[in-house]
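Since every read-out is calculated from the coordinates, none of them should be taken as a lab result. Since the structure is predicted, the reported quantities are computational estimates derived from the model, not experimental observations. Here the Cβ is made from the backbone with ideal geometry for all residues, glycine too, and neighbour counts use every protein chain on show.
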Amino acid sequence: MYLTDLKYIFISGMVLAYKLVSDFISATFNQGRFMQVHTEQLNTGSEPLTALLEKIADHKGCGTSSEGGKSSCGSSGGPADMAPEVWEKVKNHPCYSEEAHHHYARMHVAVAPACNIQCNYCNRKYDCANESRPGVVSEKLTPEQAAKKVLAVASAIPQMTVLGIAGPGDPLANPAKTFKTFELIAKTAPDIKLCLSTNGLSLPEHVETIKAFNVDHVTITINMVDPEVGQHIYPWIFWKNKRVTGIEAARILSEQQLLGLEMLTAAGVLAKINSVMIPGINDKHLVEVNKAVKSRGAFLHNIMPLISAPEHGTVFGLNGQRGPSAQELKALQDSCEGDMNMMRHCRQCRADAVGLLGEDRSAEFTTGKIDEMSEVVYDAATRKAYQELVEAERMEKVAAKEAAMAGMADADVSDIKILIAVATKGQGRVNEHFGHVSEFQIYEVGSAGSKFVGHRRVDLYCQGGFGEEETLPSVVRAINDCHAVFVAKIGGCPRDELKQAGIDPVDRFAHEFIEESAITYFKEYLEKVRSHEVDHVTRGDADIRQGAYVSAA
Amino acid sequence: MAYKIIASQCTGCSACEPECPNVAIREKNGVFIIDPKKCSECIGYFDDPQCVAVCPVDVTCVIDNAYPRYVATA
């Protein structure tokens, strides 16, 4: 029984890994072949790796660089606008690099249940396995359980490069558990990057410890820099043995957050700022927040939509506070873009999420299953080999995109920009069936190139082989601002309905790289517009899906 | 002379445990409980009872009427 479970986890992990590199090695489960590839790569010495890193670094991450500098994504640049040591920190971090998030996975361990503030978008009593939101978790772990889980996941998912502690409360309100977990993991899996996500209230007193534990990524959730705004978001904080409310609470919180950010910057720790966009409360104010954090050295700004529904039991959910529409969110992100990296690929994941962003494999690694494992051997060699293959794949993707851009003649310059929804399960390829999509990735493409601008969760269209007619309209609403949808395959019925809705279903780029395909599609689209074969019309707005994310499993 | 935690309200988040100046709080079956013999309602330590102040769910840490109110001894 125990052995069977262990085997299942190991095999399912390896099967996923192999799927991901199927273009490089045969699809059959063949360890010998895998190791052969690995050996060949290693034999070529360190020179190719260096060259590889340079090439990746040359690549502007995911964005177009035409609009005043930096691209839209986490890790925009390389040497041009980013120090090599910074690039080294972000290149394999799915949250800090949009480009990396197609290839690398993260996991959160829920060792930090306590919190020291109350937010109106959070209700700690709510806990449901089907719910995918920050602050929600199925089970909490001790540091020892967490360390074992990390080893098990890292061995089953070789592309898991990042371990984060994000709650479900606040990591720095549980400093002993948080830092004990980091200590254990640094000992057994030293190649895994450590990060944490905090509300910032206790950050200043812990910056030194964070630095000492080699945590090189810290996320602070900053929703306001003006206490007048903050009082509508935070009902209270627990500060110096007192519950502080109102403007005073928001003032203290904001001071601590900005001081903490400055200290992180001084200590050389990369800081990402998360902001929840709450229409009518802080939506316009977030431009000020953006300026404030930028001037204090934040590396990346992640503006996320409020998740709010009555069934969440939150203050905002119960008082009918709405979240932003897709267009409102994108407009705010665009207006903050300037010379600050904006993160648009955040999935607002749970404090116990496991896997690539947008997928959650935590159900495979429950405490029960982990406890049953007698001993987990950390397979560093396979991880390294796998990650080298991923780097080769990334390089190929960059080359393909550049080649496609090279074909974009000067004559193609146009103000037209279109959005494309993509069905993908990773690797930056169009490789998912329309009916199996639980989230579409959204790319914006224009004469200046293509960039990732977001993602949309949808209900699975296909349940057990049959298309669900009721879900199709909701899928259409979720990608209603897109001109086309790229899929590996699509059935006749949804194809016709998409066409009716004005969205072009495209399956001829099956298994090709997304951005290369998007640029090719755009060039042809532009040609059709010029020859008046089609009229370019601006698309409408789209919904951001609220409520529970139900995984495909 | 003590606070108690209403078990059905407790999320098991553990925020109260380290705040208690009397080390009166511990975990039991996934939720937290207060030892009434140790609880001093934080009198003599803080202006406010710490478990009440830090608890994320309102009306979870409440006065236990089964015990007389705590009186500080000189």
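Some values worked out for this structure:
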item	result
Relative frequency of Cα-Cα separations exceeding 20 Å in region A:130-223, percent	35
R0 of 35 Å, Cβ-Cβ distance B:ASP47-B:GLU27: FRET efficiency to nearest 0.05	0.85
Dmax and Rg, reported as Rg then Dmax, of region B:3-63 (C-alpha, Å)	10.2, 30
Sites excluded, trypsin sites (Lys or Arg not before Pro) in DSSP loops with at most 15 other C-beta within 10 Å, longest stretch of chain B	B:1-36
Convex hull of region A:482-523 built on C-alpha atoms - directionally averaged projected area, nm²	2.9
Rg in Å to one decimal, and Dmax rounded to a whole Å, for region A:298-338 via C-alpha atoms	12.8, 37
Number of partner chain Cβ atoms within 10 Å, mean per residue of A:218-228	0
Inter-label distance, nm, simple model (7 Å from Cα along the C-beta direction), A:ASP535/A:ILE247	5.4
Burial order of peptide ranges A:491-502, A:250-261 (average beta-carbon count within 10 Å, highest first)	A:250-261, A:491-502
Sequence-distant residues sharing a close amide H with A:ILE303 (under 5 Å, placed H)	A:SER275, A:MET343
Region A:388-436: radius of gyration over Cα atoms, expressed as a fraction of 2.2 N^0.38 Å	1.48
Spacing of the two label points (7 Å from each Cα toward its C-beta) at A:LYS291 and B:VAL57, in nm	4.3
Sites A:ALA406 and A:GLU527 - FRET efficiency at Förster radius 22 Å, r taken between beta-carbons, to 0.05	0.85
Over 27 Å between alpha carbons, listed pairs A:LYS91/A:LYS291; A:LYS187/A:LYS384; A:LYS149/A:LYS397; A:LYS187/A:LYS294; A:LYS242/A:LYS294; A:LYS89/A:LYS294	A:LYS149/A:LYS397; A:LYS187/A:LYS294; A:LYS242/A:LYS294
P(r) weight above 22 Å for region A:182-271, C-alpha pairs, percent	34
Using a Förster distance of 56 Å, the FRET efficiency for A:ALA399-A:ASP226 (Cβ separation, nearest 0.05)	0.75
Whole-number D in µm² s⁻¹ for region A:248-293, Kirkwood Cα-pair radius fed into Stokes-Einstein, 37 °C, 0.692 mPa s	279
Ellipsoid equivalent to region A:419-538 - semi-axes via the Cα gyration tensor, in Å	23, 16, 12
10 Å Cβ neighbours from other chains, averaged over peptide A:238-244	5
Extension gain, A:GLU144 back to A:LYS284 (0.36 nm per residue minus Cα-Cα distance, nm)	46.0 nm
Inverse of mean 1/r across different Cα pairs in region A:108-367, Kirkwood, Å	18.5
